Amino acid sequence: MHHKRRIKLIKPPLQLKMTLLFVSVGALSILLQGVLLMSGLTRAALDLPNDHLMMLDRVNTVIFESLVSSFVLFLPLTFAVGILTTFRFAGPIYRFEMFLRQVIRGEKPADCRLRKGDELKDFCELINEATAPLRAPSPEEEELVDSDSVPSIIPSSKVDSSSPVQPSES
């Protein structure tokens with residue numbers, strides 16, 4: 001059975017924090033690019049023999065429009081990519097938390113498994129190895145499963161272990 005997560009914000013605080021970090025870096029990059037562009041265009045305007053004042057006046061408007069356009073287009077895209085990227089980490093972290101809570105409660109869950117495409121698969125294997133002794137059946141549980149402790153429905157005096165055919169009751 002294939003399970004696909006529909007909810008992309010599995011661990012909202014973690015994912016939003018990481019995504020806002022991506023968005024902040026993107027915003028700083030846009031601002032730096034704007035400052036560098038403003039500086040270059042200002043120097044170019046001052047080097048003009050005529051109309052440098054008109055050019056300086058237009059530079060502010062052009063740069064402002066470029067920055068606003070970049071923010072409006074680039075930052076939402078960065079936010080969406082950030083959520084989708086952190087989803088591959090947040091999902092496994094959520095799964096680890098649920099698995100470890102089961103172990104803490106004394107339950108003996110099967111090995112922790114992750115979905116195809118998830119990150120942290122090596123860490124999942126390490127968690128399975130570390131919790132294996134806690135999830136192993138106890139001696140009492142092993143006795144219940146042990147075939148020697150299962151009572152036979154055939155009385156032992158009627159069973160001849162050397163004969164392939166067992167006697168029938170007449």
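Within the bounds of region 11-18, is there any residue that is open to solvent by less than 60 Å² (accessible area, probe 1.4 Å), in a loop (DSSP other than H, G, I, E, B), modelled with pLDDT under 90 and in contact with a Ser or Thr (Cβ under 9 Å, 6 or more places away or on another chain)? Yes; the residues of region 11-18 include at least one that is open to solvent by less than 60 Å² (accessible area, probe 1.4 Å), in a loop (DSSP other than H, G, I, E, B), modelled with pLDDT under 90 and in contact with a Ser or Thr (Cβ under 9 Å, 6 or more places away or on another chain). Among the residues that make up region 50-70, is at least one of them within 32 Å of the chain's Cα centre (by Cα), open to solvent by 100 Å² or more (accessible area, probe 1.4 Å) and within 27 Å of Lys8 (Cβ to Cβ)? The answer is no, given that none of the residues of region 50-70 is within 32 Å of the chain's Cα centre (by Cα), open to solvent by 100 Å² or more (accessible area, probe 1.4 Å) and within 27 Å of Lys8 (Cβ to Cβ).
Here Ala27 fits the description: surrounded by 12 or more Cβ atoms within 10 Å (Cβ to Cβ) and modelled with pLDDT of 90 or more. With respect to (1) surrounded by 14 or more Cβ atoms within 10 Å (Cβ to Cβ); (2) aromatic (Phe, Trp, Tyr); (3) within 24 Å of Leu21 (Cα to Cα), the lone exception for Phe99 is condition (3). Here Gly26 passes the criteria (1) touching a Phe, Trp or Tyr at 6+ places or on another chain (Cβ under 7 Å); (2) without any contact (Cβ under 8 Å) to a residue 24 or more places away in the chain; (3) part of a helix (DSSP H, G or I) except the one numbered (2).
Considering only residues that are in a helix (DSSP H, G or I) and open to solvent by less than 80 Å² (accessible area, probe 1.4 Å), look in region 102-119 and name the one that is nearest to Gly91 (Cα to Cα). Talk me through it step by step, then tell me what you get.
Keep residues of region 102-119 that are in a helix (DSSP H, G or I), which gives 102-104.
Now drop any that are not open to solvent by less than 80 Å² (accessible area, probe 1.4 Å), which leaves 102-103.
On the way: Gln102: 17, Val103: 19 Å.
The extreme case among them is Gln102.
Among the candidates Ala45, Ala80, the residue that is under 30 Å from Met98 (Cα atoms), open to solvent by less than 70 Å² (accessible area, probe 1.4 Å) and part of a helix (DSSP H, G or I) is uniquely Ala80. Checking region 56-71 against the condition returns no match, with no residue being in contact (Cβ under 8 Å) with a residue 12 or more places away in the chain, in contact with a Phe, Trp or Tyr (Cβ under 8 Å, 6 or more places away or on another chain) and small (Gly, Ala, Ser).
Scan region 125-135 and tell me whether some residue there is under 24 Å from Lys17 (Cα atoms), out of contact with any Gly (no Cβ under 6 Å at 6 or more places or on another chain), assigned to a helix (DSSP H, G or I) and modelled with pLDDT of 90 or more. Checked region 125-135: no residue is under 24 Å from Lys17 (Cα atoms), out of contact with any Gly (no Cβ under 6 Å at 6 or more places or on another chain), assigned to a helix (DSSP H, G or I) and modelled with pLDDT of 90 or more.
The values are calculated or read from the model by the stated rules, or taken from the named source; none is laboratory data. Model, not experiment: these values are computed from the prediction. Using ideal geometry, Cβ is built from the backbone for each residue, glycine included, and neighbour counts are taken over all protein chains shown. What goes into the accessible areas is simple: the full protein's heavy atoms, side chains included, and nothing from ligands, DNA or RNA. Shrake-Rupley method; radii C 1.70, N 1.55, O 1.52, S 1.80 Å.
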